[in-house]
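Structure first, commentary second.
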Amino acid sequence: MIILTGDTLTIDEKGLERLVERVFFKSIDLLGGLKKLAEYRTLTWLPSLARAAFAVVLREEYLKPEDEIAEYVGLTRNTVRNILRADPDMAMYKIQHLDELSEEEKKELKVHTAGGVAKLAYKLVKEGQDSQTLLDFCHAMAGEALQAASCESPWAYLVLKHTKGIDYPIMDSSVLEERLGGIQIKGLDGTEVAKGLLYPIKTPAQLLHEIKEYLQSKGVQ
């Protein structure tokens, strides 16, 4: 639970770590994924990205000043300032032109570049555009959990199976109509269910929730 204290928020450690991890994974996606980083021999960028993700989340979510952020993540105040002032567009421009950089430049991710990537990743995550790798993992884990629970909600497992690999957020029903067409969800056609959901849908968990709400609205238990 977050408690208001003066002009700032106390840190919800679990909530902080969860959001930082989401921003971190999205940052890796923006950089082309771990495979691309390995190809460029830039896996040493990951600690810089992690610190930048912490700095951005601490400022945006918890309103922490630069000196407190610096102490929390183990950086100088000036470094934190550079992270928070980084230009996401410039950072992504440099990432997109990695081929033009020297081997030495590729080995070291400058602070403002890490900050720019983390800031963009944070914005996308808040808009519901989580890392596809993370979403696929959550999707798989949810499916396994439902299956292990003797499928008390077999329709949910069926939905997850047919929507594997789908891109989130889902902005309208068209994709789901295609994926769920021809299957029955509690006696209702999947296409009909897809048309009746509220969009956008940002995560697999929200998809299952929206379907459950729709089923209940139709009096289906």
Can you tell me which residue within the range 161-204, out of those that are exposed (fewer than 15 other Cβ atoms within 10 Å of the Cβ) and small (Gly, Ala, Ser), is nearest to residue 215 (Cα to Cα)? 187
Condition first: touching a residue at least 12 places away in the same chain (Cβ under 8 Å), out of contact with any helix residue (DSSP H, G or I) (no Cβ under 9 Å at 6 or more places or on another chain) and not hydrophobic (A, V, I, L, M, F, W, C). Can you find one or more residues in the range 171-179 that meet it? yes
Per the filter on the range 158-211, residues over 21 Å from residue 130 (Cβ atoms) and of a type in the set (Lys, Arg) are 186, 195
Can you name the residue in the range 24-83 that is small (Gly, Ala, Ser), within 23 Å of residue 14 (Cβ to Cβ) and in contact (Cβ under 8 Å) with a residue 24 or more places away in the chain and is also surrounded by the most Cβ atoms within 10 Å (Cβ to Cβ) among such residues? 52
Any idea which of (1) in a loop (DSSP other than H, G, I, E, B); (2) of a type in the set (D, E, K, R); (3) closer than 14 Å to residue 131 by Cβ is the one residue 41 doesn't satisfy? (3)
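Here, each number is a calculation from the coordinates, and none is a lab measurement. These figures come from a predicted structure and were not determined experimentally. As a convention, Cβ positions derive from the backbone with ideal geometry for all residues, glycine included, and neighbour counts pool all protein chains shown.
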